[in-house]
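Derivation of every value follows stated rules applied to the coordinates shown; laboratory data play no part. On a predicted model such as this, the values are computed, not experimentally measured, just so you know. As a convention, Cβ positions derive from the backbone with ideal geometry for all residues, glycine included, and neighbour counts pool all protein chains shown.
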Amino acid sequence: MVKILTGSTKVLILNNGLVCPDCQNELSSYFINTILDVADIISMNGYYNDEFDEYNQELVNEFNMPKMNNPKVISQEKNKVKAKINPYKIYKKISSKVIGQDEQIKNIISIIIRNNMTDNAYVKSNIFLIGGTGNGKSETIKQIAKELDIPYVIEDSSKYTQEGYVGDSVQDAVIKLINEAKDLKRAERGIIIFDEIDKKTDNGDRSNVATTSVQDSLLKMLEGTNIHTNIGTINTEHITFILIGACEAAFTARKKRLTGKGKIGFSNIEKNKTNEYSNPNFIPQDLVEAGFKSEFVGRIDYIQEFKPMDKDMAIRIINESKISIFNFYLSELKKYKVNVVMNRDEVVESIASRAVQLGTGVRGIRQIVVEMFKNIFSKVIISDASAQEEYECIIDKDIVYDNSKFKLCKRKRQN
Ligand SMILES: Nc1ncnc2c1ncn2[C@@H]1O[C@H](COP(=O)(O)OP(=O)(O)OP(=O)(O)O)[C@@H](O)[C@H]1O
Ligand SMILES: [Mg+2]
């Protein structure tokens, strides 16, 4: 019997295997859905030591669990990193920076943690992230990798060609990962991201040396293979591969599928029968329709869509994100003793509307904010006033479209 985990349950990780403190059964497959509710995870690195005893005693006291005298040690392999991680805290931290993609963040953290912890290569999953530009795909992965201290590389897929042809071969990505990790074993648990993978689909007007053959070269790597490098042999079976693409063709395929206007491999009878056909999320068949080979798609377990930024989301990003460029700029101005006076809601709403129109995702917000404060900064920095001067800067929503629309006044000293 495996205990169902609740918010306050703790779980032991014994050298990459997750063990129920109650019955000592391995948990990995159960863990995925509940991992973010778990208060604490302690890595014991497979060794029965003082720390383990202490933790075990804590479990006995707190949860009335039977004392474990003989903990199950899944693997005796030495793991140098003694990690104590809290997935829930990591999720909270990242979702306070990348706004409006909560489910996406949860899912990716769970998959990466599970991939990283398991010793079972069958359990490892590869991920496909799909969505338009500037909506947090790269940022999310970078943040997760940083928090979990996992080495990663982001590769632009466009430069790859079939092995033996001019251009990089996909194995070069693995070598880069080793360089990044500075350790072969660490690299074997790392993350390789192939960005713009949709450039590698069969679109008819390019040689398949640069397109579908690259998918072929990736097949073995995704599944797990030994790659011989001059630093040593690296096995890819535990590396998390993340494929990223805007994949407009997949959006079209999904739309056709949902509106019933396309065949997409389903007969009419099947259409009525299958839930898959009406699944609003992306399904593997959508990627196949978009030009990916079915063998390739078959090696991807999770297709995760990132939401496009609408106006409400843009407003939240500007106001709430811990990496909000708007808030950063306001606090920078404060350092120059400039107090910005505005109707904040109106200004923020105006930035948000314009950013959505630009169609470059969250990058649009940055573009607008940088431009709208440009003149204010230069006026304040290149001024002959003494450093003691205090300013009041009055702006309204018009500055979003015309950065000369501001009033900068010296503030009267209050004596
Ligand atoms: N949801 C979000 N909340 C807050 N900031 C965000 C969000 N999405 C993106 N950003 C910010 O916008 C910038 C671009 O994001 P990112 O690089 O993750 O885009 P992307 O989805 O990878 O786009 P592309 O497909 O063009 O590579 C980053 O500076 C990031 O911090
Ligand atoms: Mg990106």
message: What does the C-alpha gyration tensor say about the overall shape of the stretch 311-410? Classify as rounded when a/c is under 1.5, otherwise prolate if a/b is larger than b/c, or oblate.
response: prolate
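Can you put Ser138, Ser331, Ser321, Ser157 in order, fewest other beta carbons within 10 Å first? Spell out each step's value before the answer.
Numbers: Ser138 15, Ser331 8, Ser321 21, Ser157 24.
Listed from fewest to most nearby Cβ atoms, that is Ser331, Ser138, Ser321, Ser157.
How do His228, His238 line up, fewest other C-beta atoms within 10 Å first?
His228, His238
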- line: With label points set 7 Å from each Cα along the Cα-to-Cβ direction at Cys409 and Asn235, the distance between them in nm comes to 7.2 nm
message: On a 30 Å Cα-Cα criterion, which of the cross-link pairs Lys311/Lys407; Lys146/Lys407; Lys106/Lys255; Lys311/Lys334; Lys93/Lys124; Lys89/Lys374 come out too long?
response: Lys146/Lys407; Lys89/Lys374
query: If you take the beta carbon distance between Ile382 and Lys182 as r and set R0 to 41 Å, what does 1/(1 + (r/R0)^6) give as a FRET efficiency, to the nearest 0.05?
result: 0.40
- line: Stretched fully, the stretch from Tyr401 through Ser138 gains (0.36 nm per residue minus C-alpha distance, one decimal, in nm) 91.8 nm
- line: The simple spin-label model distance between Asp156 and Glu389, using points 7 Å out along Cα→Cβ, in nm, is 4.3 nm
message: Highest mean first, how do 337-350, 94-107 rank when packing is the count of other Cβ atoms within 10 Å averaged over residues?
response: 94-107, 337-350
field: Phi-based couplings in Hz for the stretch 251-257 (Karplus 6.51, -1.76, 1.60; Gly and Pro marked x)
entry: 5, 4, 4, 5, 4, 4, 4
- line: For Leu129, other-chain or 5+-apart residues with amide H closer than 5 Å (H placed, Pro excluded) are Leu243, Ile244, Gly245, Gln304
- request: Report the calculated FRET efficiency for Lys255 and Asp301 (r = Cβ-Cβ distance, R0 = 22 Å), to the nearest 0.05.
  value: 0.40
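Stretched out fully, how many nm does the piece from Gln357 to Phe328 gain, at 0.36 nm a residue minus the Cα gap?
8.2 nm
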- request: Take peptides 282-288, 393-399, 182-188 and line them up by average Cβ neighbours within 10 Å, highest first, as a rough protection proxy.
  value: 282-288, 393-399, 182-188
query: Distance in nm between label sites at Asp102 and Asp310, each 7 Å beyond Cα in the beta-carbon direction?
result: 1.6 nm
message: Just want to confirm a number: the relative contact order over the stretch 275-415, from Cα pairs under 8 angstrom separated by 6+ residues, in percent.
response: 21 percent
